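Participant: This is the structure I want to talk about, given as structure tokens.
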Amino acid sequence: MPNIYDPIKVDDDYFPQHEAEQETFYQQLNVLPRNVADILLIPETSETLEKISKENQLSASQSQELSRLVRKITIADIYLGDIVKETQNKLSINEVSAKELANVLISEIFYPVLEELKKLHIEKFGSPSHKATESETKKEGVNNPNNLVNLRNK
């Protein structure tokens, strides 16, 4: 039985049937800065996730999703800036609870490596201001995402 609070061992039943995903995960883990990778490797993380899960009365499946979320944020599969939305979606909880859980995850798990994690996420996902500009452009329906004006056609 996998440890549902351990971000790596939570998928001990899943990974053997999905070796390519497992291999990809370990490759991502191996290129992380050591202090960031330690978030997934130290026993304190699973102890903290167990404590958070119990304090918030999460079900076993929600606890598993929380552990996976920590893993995916740590290896930059999920953007840190989307932690509230992802927590809400993955755990099927309301936005207020998702914000509270996200704050706890950041302060109790990610805080020691937060700056390093932000750098990794900016490298992979781009700067937060760039993401906001893209989403605003999509909302407004503007066809020119670079916000350039073509003066030749004026």
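The values are calculated or read from the model by the stated rules, or taken from the named source; none is laboratory data. Keep in mind it's a predicted model, so treat the numbers as computed, not measured. Ideal geometry is used to build each Cβ from the backbone, glycine not excepted, and the neighbour counts take in all protein chains shown. These area figures cover heavy atoms from the full protein model, side chains too; ligands, DNA and RNA do not enter into them. Shrake-Rupley method; radii C 1.70, N 1.55, O 1.52, S 1.80 Å.
Participant: If you check residue 67 against the conditions, is it touching a Pro at 6+ places or on another chain (Cβ under 6 Å), of a type in the set (S, T, N, Q) and open to solvent by less than 60 Å² (accessible area, probe 1.4 Å)?
Facilitator: Taking the combined requirement at face value, the residue satisfies it.
Participant: All but one of (1) modelled with pLDDT of 90 or more; (2) more than 23 Å from residue 5 (Cβ to Cβ); (3) not aromatic (Phe, Trp, Tyr) hold for residue 140, so report the exception by its number.
Facilitator: (1)
Participant: Something else now. What are the residues in the stretch 1-11 that are open to solvent by 40 Å² or more (accessible area, probe 1.4 Å) and at pLDDT 90 or above, if any?
Facilitator: 3, 5, 9
Participant: Being modelled with pLDDT of 90 or more and hydroxyl-bearing (Ser, Thr, Tyr) is the filter; apply it to the stretch 95-137 and report the residue that is most open to solvent (accessible area, probe 1.4 Å).
Facilitator: 111
Participant: Being open to solvent by 70 Å² or more (accessible area, probe 1.4 Å), farther than 30 Å from residue 63 by Cβ and modelled with pLDDT of 55 or more is the requirement here; does residue 92 meet it?
Facilitator: Here the answer is no, as residue 92 does not meet what is asked.
Participant: Just one of (1) touching a residue at least 12 places away in the same chain (Cβ under 8 Å); (2) open to solvent by 80 Å² or more (accessible area, probe 1.4 Å) trips up residue 44, so point out which.
Facilitator: (1)
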